[in-house]
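In what follows, a structure is listed as structure tokens, so that the remarks can point back to it.
Just so you know, all these numbers are worked out from the coordinates, no wet-lab data involved. Keep in mind that this is a model prediction, so the values were computed, not measured. Every residue, glycine among them, receives a Cβ derived from its backbone with ideal geometry; neighbour counts consider all protein chains shown.
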Amino acid sequence: MASDKTAHFQNETDSSESSASNLLESTRKVIKEALEKLGYPDEVYELLKDSLRMLKVRIPVRMDDGSVKVFTGYRAQHNDAVGPTKGGVRFHPNVTEDEVNALAIWMSIKAGIVDLPYGGGKGGIVCDPREMSFRELENLSRGYVRAISQFVGPTKDIPAPDIFTNSQIMAWMMDEYSRIDEFNNPGFITGKPIVLGGSHGRETATAKGVTICIEEAAKKRGLEIKDSRVVIQGFGNAGSYLAKFLHEAGAKVVGISDAYGALYDPEGLDINYLLDRRDSFGTVTTLFKNTITNKELLELDCDILVPAAVQNQITKENAHNIKADIIVEAANGPTTIEATKILTERGKLIVPDVLASSGGVTVSYFEWVQNNQGYYWSEEEVEEKLRKVMTKAFETIYNTAQTRNVDMRLAAYMVGVRKMAEAARYRGWV
Ligand code: GLU
């Protein structure tokens, strides 16, 4: 998996320490507003504005050249009033404590939106897996599990994949936890390979969830998916499968991007070719000469724009230039609060991240249920259940936005925070 690319990561430059704390601040702002709209007292906000627990770990890893490198990792548990905490682990050079904290809060909101019996959790390791070998990644994954093993578990906090982590990494983590536990424990983690208790449909679940949201949003705007023009930022797990599904549905995917650049063809890109040529980190644009920048990509003429990469991509600087009528956030936090306001005022329909990207955790929940019951479902069963959950969540949030006269993001937070606030109240915490 080692890579020698030195190109500038165009859509990763904004993930600094300060942008992570902005992310946390803006998440808190929306939670506060949502709780106020729902009539909860301030103490509920005081409870929910931060993770209940945040563990920082240091992980020594023997590298291939014989040296030892010590990595920093985190695991945050936002709130467990509803049930065990749940959320992915990302491997990325820009991971910070504030970012993991904000992402854990988002997981709580997502779980509330799709009505799962979980609170939110999140993990991250500061590393660049693109520069690491297979063995080094295995050692890092196992080291992380040893470091957090007291803190997590199938009834406490259940990890999963996120940016730059995949089913192989979940398999190593599950194996390490099972060794510590001295029995096979598939329910410790989700997003596993099928042969180790993974669920059918988990690999494509985030993209399926986004596709369902796009279909619902298109219906609201009287737009046919067939022949609609779509731009997707990011060609990782979510972006690439999404391109595939939309292409299969007859949409014209006119733009895609990765961390190094973007491709544009007004006649529609050859998605099957691009899927075939992408590497395991979703890099494909480096094979082409005529690329545009990620910044240009976002402003392309299209009907549907899907930011499926990293946070802070649509800001007050470019929100006025976005041409798409529907913006569906497959990434976590791609649009700032100011940009949400501008886009909403411009009459755009935004399907917020906490709704659009909740397909992944929904099928993770199905995986955990299957692990607990020891009886497994077919791909069709999983898909049908996912569709039911996602369309219901979309409809509830869309109606909340209409009846309460709020934007879709605030509506999503209002729907997502309610169950957690109620559970905390019944438990006597607030
Ligand atoms: N990392 C994914 C997310 O942000 C999935 C989490 C999970 O499956 O638990 O929603």
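For the stretch 31-135, what does the equivalent ellipsoid look like in terms of its semi-axes, each the square root of 5 times an eigenvalue of the Cα gyration tensor, given largest first in whole Å?
One finds semi-axes of 33, 13, 11 Å for the stretch 31-135.
Fewest Cβ neighbours within 10 Å first, please rank Ser280, Ser199 accordingly.
Ser280, Ser199
Among Gly209, Gly360, Gly347, which one moves the most in a GNM of the chain with springs linking Cα atoms closer than 10 Å?
The residue with the greatest mean-square fluctuation here is Gly347.
Is any residue of the stretch 75-111 close enough, with backbone N under 16 Å, to a label point placed 7 angstrom from the Cα of Lys156 along the Cα-Cβ axis, and if so, which?
Residues 75-81, 83-87 fall inside that zone.
Using Stokes-Einstein with the Kirkwood hydrodynamic radius over Cα pairs, what translational diffusion coefficient do you get for the stretch 247-369 at 10 °C and a viscosity of 1.306 mPa s, in µm²/s rounded to a whole number?
In µm²/s, the coefficient is 103.
Could you pull out the trypsin sites (Lys or Arg not before Pro) across the stretch 171-272 that fall in loop regions by DSSP (anything but H, G, I, E, B) with no more than 16 other Cβ atoms inside 10 Å?
Answer in residue order: Arg221, Lys226.
Express in nm, to one decimal, how much length is gained between Ser149 and Asn184 on full extension, taking 0.36 nm for each residue of separation and deducting their alpha carbon distance.
11.1 nm
What does the C-alpha gyration tensor say about the overall shape of the chain? Classify as rounded when a/c is under 1.5, otherwise prolate if a/b is larger than b/c, or oblate.
In terms of gyration-tensor shape, rounded.
Averaging sequence separations of C-alpha pairs under 8 Å and six or more residues apart, then dividing by the length of the stretch 86-196, give the relative contact order as a whole percent.
Worked out over the stretch 86-196, it gives 30 percent.
In Å, the Kirkwood hydrodynamic radius of the stretch 185-283 over pairs of distinct alpha carbons?
For the stretch 185-283, inverting the mean 1/r across all distinct Cα pairs yields 14.5 Å.
Would you calculate, for the chain, the mean residue ellipticity at 222 nm contributed by helices, counting each DSSP H stretch of 4 or more residues as -39,500 (n - 2.57) and dividing by all residues, to the nearest 500?
Theoretical 222 nm ellipticity from helices: -14000 deg cm²/dmol.
Relative contact order (percent) for the chain, with alpha-carbon contacts under 8 angstrom and 6 or more residues of separation?
In percent, rounded to a whole number, it is 18.
Under a straight-distance cross-link criterion of Cα-Cα below 21 Å, which lysines are reachable from Lys56, leaving out those fewer than 8 residues away in the same chain?
Filter leaves Lys69, Lys86, Lys122, Lys156.
Taking amide H positions as placed in the peptide plane 1.01 Å from N, state which residues far from Thr335 in sequence (5 or more) or on other chains have amide H under 5 Å from it.
Asn312, Gln313, Ile314
Work out Dmax and Rg for the stretch 323-405 from the C-alpha atoms and quote the Rg first, both in angstrom.
15.9, 50
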